[in-house]
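These notes are about the structure you will find just below.
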Amino acid sequence: EKGTYPYYMLKEINDQPTVMRRIVKEYTKQNGSVVIEPEIVEKIKASDRVYIIACGTSYNAGWVGKALIEKMAQIPVEVHLSSEFGYNMPLLSKNPFFIFLSQSGETADSRQVLVQTNRLGYPSLTLTNVAGSTLSREADYTLLLLAGPEIAVASTKAYTAQIAVLAIVAKAIGDASGNEQSEKFDIAHELSVIASIMETIIDEKATIDQLVTEYLSDTRNAFYIGRGVDYYVSMEASLKLKEISYIQAEGFAAGELKHGTIALIEKGTPVFGVITDKKTAAHTRGNLKEVESRGAHNFVISLASLSKESDQLVLPDVHSLLTPLVSVVPTQLIAYFATLQRGYDVDKPRNLAKSVTVE
Ligand code: F6R
């Protein structure tokens, strides 16, 4: 029930801190270790490559999952769009393990891949929000996202829940392999910190509403740019913006803009820069300068430790592996307010269904 909220999407954005705490409660122990079925950990540890298969927002979460698993578990990960993978399957490694990401657990594009990997006898795990869903029943293992029903067509809390559960999986494998970075990573603590920070960001929503008026009220297009995980969040941020506000938005690798796409920057084009990674912050700022000198209206979302006074939104610092969990929240609110301001239905955008059961 959306209760006193005007839209499900706003309620679901607000649910995120609670979902983070629920995931901590369900998947971690007092001593800081994570609890998932040992067989899942063993099977992934025994594989030589993980293939993440998903669509849309779940696909965008998959990229963050790749970063987490590769860093903590030291297993190579490939991320694929279900609708492409099924019909043009790449050469697979000797012992692949498949992770299907699907909020609904009913997405036909993802299911056709699972049917094939089952036929080939490969082990699989589904991360889904819906117990007993098709992808859950047909995969060898399931981990639930515990996000509660997601009603708004635009996915928000399922995205952050997917990243949190993928972090749990990555740590479980890392710990089982004696990885030092993984053992030192107090995930329960970090996710609890993130839950509180999400609350403070959501409390700032009037500021975000105001900034959206300033940046997006009469624009047809917009860009989100970043590098590494900030690029992955940019892809999700732009999907959210276009699917509900109908502003044509593109998420771009900051360093790649100058290889062509920068031609689209005109006077006043909004460019959102996501900066949460110390390694790449200076480079992304350089790219923001490049677009600014071509007339872009820059909007910088940065972590406090990497921020400049001129940045539009500064987010409290969080663990470097989990920054997408906080940087995505303002972008969800940006999409929400842009849509409200344009007078569109936030929860039911045109041409879209919540669960896509055709290929
Ligand atoms: C976007 C959105 C879609 C879904 C996609 C996959 O906000 O909701 O892009 O993420 O259709 O759906 P699931 O995760 O149910 O497989």
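All of the numbers you see were taken from the coordinates with simple rules; none came from a lab. All values reported here derive from a predicted model rather than from experimental measurement. Please note: Cβ atoms are built from the backbone with ideal geometry, for glycine as well, and neighbour counts cover all protein chains shown.
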Just for helices (runs of 4 or more DSSP H) wholly inside segment 1-94: which have at least 3 residues that are under 19 Å from T331 (Cβ atoms) and away from the ligand (no atom under 16 Å from the Cβ)? 8-27
Considering residues that are surrounded by fewer than 18 Cβ atoms within 10 Å (Cβ to Cβ) and either in contact (Cβ under 8 Å) with a residue 40 or more places away in the chain or β-branched (V, I, T) (or both), the number found within segment 11-28 is 4
Would you say I168 is among the aliphatic types (A, V, I, L, M) and within 15 Å of the ligand (Cβ to nearest atom)? no
Would you call T160 within 16 Å of the ligand (Cβ to nearest atom), closer than 25 Å to E250 by Cβ and among the hydroxyl-bearing types (S, T, Y)? yes
Where S133 falls short, out of the listed (1) more than 14 Å from the ligand (Cβ to nearest atom); (2) out of contact with any helix residue (DSSP H, G or I) (no Cβ under 8 Å at 6 or more places or on another chain): (1)
The one condition Y122 fails out of (1) part of a loop (DSSP other than H, G, I, E, B); (2) closer than 26 Å to L352 by Cα; (3) of a type in the set (S, T, Y); (4) away from the ligand (no atom under 11 Å from the Cβ) is (2)
Quick one: which residue in K205, K240 is more than 18 Å from A158 (Cα to Cα) and among the charged types (D, E, K, R)? K205
Residue in segment 101-118 that is within 27 Å of D175 (Cβ to Cβ), within 14 Å of the ligand (Cβ to nearest atom) and aliphatic (A, V, I, L, M) present: yes
Output for segment 95-119, where each listed residue is more than 14 Å from T357 (Cβ to Cβ) and part of a strand (DSSP E or B): P96, F97, F98, I99, F100, L101
